1. Could you grab the Rg to Rh ratio for the stretch 11-115? Cα atoms only, Kirkwood for Rh.
2. Label-point separation (nm) for residue 147 and residue 36, each offset 7 Å from Cα along Cα-to-Cβ?
3. Size of the dipole of the stretch 83-134 about the Cα centre, Lys and Arg at +1 and Asp and Glu at -1 on the beta carbon, nothing else charged, in debye to 20?
4. Residue 43 versus residue 12, label points 7 Å from Cα toward the beta carbon: distance in nm?
5. May I ask you to give the solvent-accessible area per residue for the chain, in square angstrom, as obtained with a 1.4 angstrom probe?
6. Classify the stretch 83-128: rounded, prolate or oblate, from the alpha-carbon gyration tensor (a ≥ b ≥ c, eigenvalue square roots; a/c under 1.5 rounded; otherwise prolate if a/b is larger than b/c)?
7. Taking the C-alpha atoms of the stretch 76-173, how large are the radius of gyration and the largest Cα-Cα span, Dmax, in Å?
8. On C-alpha positions alone, give me the angle between the axis of helix 156-166 and the longest principal axis of the chain, in degrees, nearest 10.
Amino acid sequence: MAMFALALDLPEDFFADTIDRHISRLRVRNYPAPTVPPKPGQLRAGAHCDYGSLTILRTKDKPGGLQVMNTEGEWRDVPIVPDCFIVNIGELMARWTNDTWKATLHRVVNPPQEKAAISRRLSLIFFHNPNYDAPVAALPRTVRPGEAPKYPPTTSGEHLRAQFVRTQVAPAA
Ligand SMILES: O=C(O)CCC(=O)C(=O)O
Ligand SMILES: [Fe+2]
């Protein structure tokens, strides 16, 4: 976040008091090798943006991997570079920058059928989320004079809670 502050021409410690009690989460995902062909359009993980400030991801280079949407609206495979992490911008960073930095829309696709047997994939995903009560509103310089910010002010906790509620799967009746 210090690097993000510098990239935004802000003091290095700009975000410090919004992340000193951060509510980050580490998730481990196991994508087993599929034993039956996927249904048309079926994905390993549906298209979404992560909710927090940034995500740091480590994953295996297996068939059926991560894709991101580029600015032309096309899905692109994310190369897995040895000894490197993948870093995604989350929705709270997009809100802080008034969409000057876009939240990374991403998904995980199924492997081609002929590679299904060797496609088991593990991901370690660190979701960095600021303090529960950290206010998140468009930084003044990201809003053009006379224009309204794209998003109303929120807090880290409120945004996360709203997104968890919105995406919760209803229990089977
Ligand atoms: O497994 C991956 O490569 C991505 C997982 C992901 O996007 C997520 O858990 O939010
Ligand atoms: Fe994600």
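1. Details: Rg = 16.0 Å, Rh = 15.7 Å.
For the stretch 11-115, the value is 1.02.
2. Label-label distance for residue 147 and residue 36, simple model: 4.9 nm.
3. Dipole size: approximately 240 debye.
4. A separation of 3.8 nm, rounded to one decimal place.
5. 62 Å²
6. Note, shape of the stretch 83-128 comes out prolate.
7. Using the Cα atoms of the stretch 76-173, the pair Rg, Dmax is 17.9, 57 Å.
8. Taking the Cα atoms of the chain, the angle to 156-166 is about 40 degrees.
The values are calculated or read from the model by the stated rules, or taken from the named source; none is laboratory data. Predicted, not measured: the structure shown is a model, and the values here were computed from it. Note that we place each Cβ from the backbone using ideal geometry, even for glycine, and neighbour counts take in every protein chain shown. These accessible areas exclude ligands, DNA and RNA; they are computed on the full protein's heavy atoms, side chains included. Shrake-Rupley method; radii C 1.70, N 1.55, O 1.52, S 1.80 Å.
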